[in-house]
Amino acid sequence: MHSRILAAWLIFTSAVTFMSQPTYAQQKVVRSWVEYKFGEQITFNTEIKSPSPIETAVIFFQALNDTHTNVGLGRVEHIEDDLYRLSYTHPLKDYRLRSFTRVDYHWELTNSEEDKQQLAINSFDYVDNRYRWNSLEEKPFKVYWFDETGNVKFAQSVIDAAQAGYKNADDLLPVTIPNDSLDIYVYPDSESMHEVLQQNNQDWVAGHADADLGVIVVTLPPGPDQKLLIDQRIPHELMHILVYQYTDPGYKNLPTWLNEGLASQVELYPNSDYPVLLEDAVKREALIPMISLCQTFPRDASRALLSYAQAASFTKYLYSTFGTTGLVDLVRAYANGLDCQRGAQQALGQSLTQLERGWRSDVLSIDTVQAAINNLLPWVILLLAVLAVPVVIAVRHLRDRPNTAPAEQRNT
């Protein structure tokens, strides 16, 4: 008896489900395409055959790893017979998309009977289409650049630097290339690169890594120093992506000094300006405390460059002192959410302050004891000045106090 009732119920629900399906079952997407003017607007287009009139079309689109979904009411145009064209133009000033990201989109349609249906999801890559890009691929790296001659030798030098940087990175951390694919976009000047980044970046920034996208954007201006810049900037930005892959989702917890310090370690040629900056800062007693470089670097160009120099030197000191194992433990501790002081304490047995003291003494040859005395001296002087006031008042009070001793005692 129960089995018959159950069978009847299943037949009934299946029939209801079938009858409730919208009449869009016979719809057929003819083609979908996206047109855009980089940085200005995007137009989504779809042509579809529908046996019933389409009343409204709403589009939903979202960039990869973005938490915001854009929604827009599209235009429905009846072309002929059962053919319709859907279109929607999105001004990028209203909501900007990250450059070189993948964008997913789909339409939700409503017919005259108010039945709704969502079309299948489509995707497109939002790349900088203002230029005609040349490309050279040598797995896992693919380089994009633009020039009139299509200088393949230049592109190959970029790939060579990436491969060498990858080897250096693997000596520090057990890293891997995301999805066995990584794109490198090279601009000839900082102006064009900063237009693409669409962020409030400082003018001195010469490279950027979108770690979650697996994309490097860098400026490599032509000139006698171009090869040196390739060997520095390409491995540096690559390391950011590799560290992201190694630590995600804890990447955002890494101190800035460690993130940038690791990237500096894999550069093929160290920045020759860094020792000069450090020496000058030591002479002027202008070193920035490492605890101040945990969250971000200063925006001021000179202090920012000093921060990079300190990060590179300090991370090198940690690596030479504690080796690969210590560096891996330190990265993991921070990726697991420990703060700047406790992460160092857990991984290396010393607080960040203690480690910095060792670095200043061993690498920069700073007398940390004398430096501590010099730092405390103004406070000691201030304390003595504060204490001196009541002492002086007390002495004067005692000196001015009238003599009230008995006469016979005064005459004795």
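What follows draws every value from the coordinates through simple rules; no lab data is involved. Here the structure is a predicted model, which means the values were calculated and not measured. Heads up, the Cβs are rebuilt from the backbone with ideal geometry, glycines too, and the neighbour counts pull from every protein chain shown.
Here are the numbers for the structure shown:
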{"read-out": "Region 131-247 - percent relative contact order, Cα under 8 Å, separation 6 or more", "value": "29"}
{"read-out": "Neighbourhood net charge (15 Å Cβ-Cβ; Lys/Arg +1, Asp/Glu -1) for GLU138", "value": "0"}
{"read-out": "Residue list for region 316-336, given a label point 7 angstrom along the Cα-to-Cβ vector of ASP362 and an amide N cut-off under 19 Å", "value": "316-331"}
{"read-out": "Distance in nm between pseudo-label sites at THR296 and GLN354 (7 Å out along the Cβ direction from Cα)", "value": "3.2"}
{"read-out": "HN-Hα J in Hz across region 320-333 - Karplus 6.51, -1.76, 1.60, θ = phi - 60°, x for Gly and Pro", "value": "5, 8, 10, x, 4, 4, x, 5, 4, 4, 5, 4, 5, 4"}
{"read-out": "Whole-Å distance, taken between Cα centres, linking region 261-318 and region 235-251", "value": "20"}
{"read-out": "Separation of the HIS78 and ARG132 label points, Cα + 7 Å toward Cβ, nm", "value": "4.3"}
{"read-out": "Projected area, mean over directions - region 131-247, Cα convex hull, nm²", "value": "7.3"}
{"read-out": "Kirkwood hydrodynamic radius of region 158-197, from inverse mean 1/r over distinct Cα pairs, in Å", "value": "12.2"}
{"read-out": "Built amide H within the under 5 Å cut-off of GLU55, gap 5+", "value": "THR110, ASN111, SER112"}
{"read-out": "Residue exposure sequence - LEU352, LEU119 - by fewest surrounding Cβ within 10 Å", "value": "LEU119, LEU352"}
{"read-out": "Contour excess over end-to-end distance, with Cα ends at SER192 and GLU113 and 0.36 nm allotted per residue", "value": "23.4 nm"}
{"read-out": "Sequence of ASP225, ASP210 once ranked by neighbouring C-beta atoms within 10 Å, starting from the fewest", "value": "ASP225, ASP210"}
